[in-house]
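Following: one structure in structure tokens, then a few remarks.
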Amino acid sequence: MAQTADGVTRQPGPLRRLRRFWRDARTVGVGRAWQLHRGPAPIACATPHVLHPLWLRPRTSDLAVFRQIFKKKEYAPMGDLADVRVVVDLGANVGYAAAWFLSRYPGCRLVAVEPDPDNFAALQRNLAPYGDRAVCVRAGVWSHSCHLRISDAPYRDNLEWSRQVVECAAGDPGALRGVGLRELLDEHGIDRVSLLKCDIEGAEVALFGPTCRAWLDRVDAIAIELHADSMFGDGFAVFHAAMHGQPFTQAESGELTLCRRTAPGAAAAR
């Protein structure tokens, strides 16, 4: 079922459902598309773009994420990055982008951060085959250390890839860790980030506020999805203000803004 911005849930018509099925079949094949549309259990789906099969949950946004990464190939322009040692994935969802990074850059290690508990469980399952190269952290990313919770307010289609976090008190039901990026890097012994991937549903407004000066010079490349329609304000304006005057080139790939440092740091990541 589809939920509109006003919160009204509507059943899609037969023609729309059929079109959706054939679109999904073009992504994962008829058999798997049928399982995802009808079956209750997650299914494993292999793709030549990653080393290990990935799990997709039925009737969730998982297939849309899968399509975005492996069919539209939005991260492909970053595939020529050299000497990628550390990837930090903020808003890792269920780990499809993380699996692509781990497969594309076989010498890298990756820290994946995701706040939603169901997404996080799927993330752990999808990255488990990569062993200690991948570390999963259940937290929300913010400008500073704090407590966050998953927002109750609907955002966009209100599906699993649209989860937002808001600040809360430590004793709030559902409270989880909110972490600043400098703290996260220090905690995991990271001197330099080869690639920072960021898709945090508008919270980039907090992340790229004034405190980003504490960590931005430790990052060599950024792939970020910016949002102008979230409760936090205009992510485009905040991000571009933060990057103004910084030694990065910028390009676009689908919904992503891609940034590369013109003189990448020579210090090796620990």
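Quick check: is even one residue across the stretch 200-213 within 20 Å of residue 74 (Cβ to Cβ), among the β-branched types (Val, Ile, Thr) and open to solvent by 10 Å² or more (accessible area, probe 1.4 Å)? So far as the stretch 200-213 goes, yes, one or more of its residues are within 20 Å of residue 74 (Cβ to Cβ), among the β-branched types (Val, Ile, Thr) and open to solvent by 10 Å² or more (accessible area, probe 1.4 Å).
Listed conditions (1) closer than 18 Å to residue 92 by Cβ; (2) touching a Lys or Arg at 6+ places or on another chain (Cβ under 9 Å); (3) not in a strand (DSSP E or B); (4) not polar (S, T, N, Q) are all met by residue 148, apart from (3). Of all the criteria given as (1) open to solvent by 40 Å² or more (accessible area, probe 1.4 Å); (2) in contact with a helix residue (DSSP H, G or I) (Cβ under 6 Å, 6 or more places away or on another chain), the one not satisfied by residue 167 is (2).
For the structure I just gave you, tell me whether residue 116 is among the charged types (D, E, K, R), open to solvent by less than 20 Å² (accessible area, probe 1.4 Å) and more than 22 Å from residue 216 (Cβ to Cβ). Here the answer is yes, as residue 116 does meet what is asked. Checking each residue in the stretch 29-68 for being open to solvent by 20 Å² or more (accessible area, probe 1.4 Å), among the small types (Gly, Ala, Ser), free of Cβ contacts under 8 Å to residues at least 60 places away in the same chain and not in a loop (DSSP other than H, G, I, E, B) picks out 31, 44. Of all residues in the stretch 170-192, exactly one satisfies the criterion of being open to solvent by 60 Å² or more (accessible area, probe 1.4 Å) and within 19 Å of residue 84 (Cα to Cα), namely 186. Would you confirm whether any residue within the stretch 220-235 is out of contact with any strand residue (DSSP E or B) (no Cβ under 6 Å at 6 or more places or on another chain), more than 20 Å from residue 91 (Cα to Cα) and among the hydrophobic types (A, V, I, L, M, F, W, C)? No, that holds for no residue. Taken over the stretch 211-256, the criterion of being on the phi > 0 side of the Ramachandran plot and touching a residue at least 24 places away in the same chain (Cβ under 8 Å) is satisfied by 233, 254.
Comparison of 138, 149, 125, 133 shows that the only residue that is open to solvent by 10 Å² or more (accessible area, probe 1.4 Å), touching a residue at least 40 places away in the same chain (Cβ under 8 Å) and touching a strand residue (DSSP E or B) at 6+ places or on another chain (Cβ under 7 Å) is 125.
The values are calculated or read from the model by the stated rules, or taken from the named source; none is laboratory data. It should be emphasised that the depicted structure is a prediction, and the values quoted were computed from it without experimental measurement. We place every Cβ from the backbone using ideal geometry, glycine too, and count neighbours over all the protein chains shown. We work out accessible area using only protein heavy atoms, side chains counted, and drop any ligands, DNA or RNA first. Shrake-Rupley method; radii C 1.70, N 1.55, O 1.52, S 1.80 Å.
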